[in-house]
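The values are calculated or read from the model by the stated rules, or taken from the named source; none is laboratory data. This one's a predicted model, so the numbers in the text were calculated from it and none came from an experiment. Here Cβ is always computed from backbone atoms with ideal geometry, including for glycine, and neighbour counts include all displayed protein chains.
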Amino acid sequence: MTDIEPFGLVILVILVIGLVGTAAVLSNRLSERLRVPAPAFFLVFAAAASDLFPNLARVSGSTVQHVVTIALAERRPAGAPGRLAARTDGDHTGT
């Protein structure tokens, strides 16, 4: 039974990522209809989650700083090309 636990953990992580992605899409659509910024929904959900699950309050400050730094570094303005954007200079050699 011990080899099932890592598999279950992987499935759980994938499920959580999928739920967060779905919540992000739905919050954007809801924010368009209600004219409330989408991050406001995440702030409310985070506050509710911290009240429902007290263990979330035990996250260290350095972990929070790392997560916020990565989130801000990944933020790109609308219309900006991503990291996998095609090269336009005609050089397809990858160098």
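Take the conditions (1) at pLDDT below 80; (2) in a helix (DSSP H, G or I); Asp91 misses just one of them, which is (2).
For the criterion of being exposed (fewer than 10 other Cβ atoms within 10 Å of the Cβ), part of a helix (DSSP H, G or I) and at pLDDT 85 or above, Glu5 passes. Of all residues in the stretch 48-64, those satisfying the criterion of being aliphatic (A, V, I, L, M) and surrounded by 10 or more Cβ atoms within 10 Å (Cβ to Cβ) are Ala48, Ala49, Leu56, Val59, Val64.
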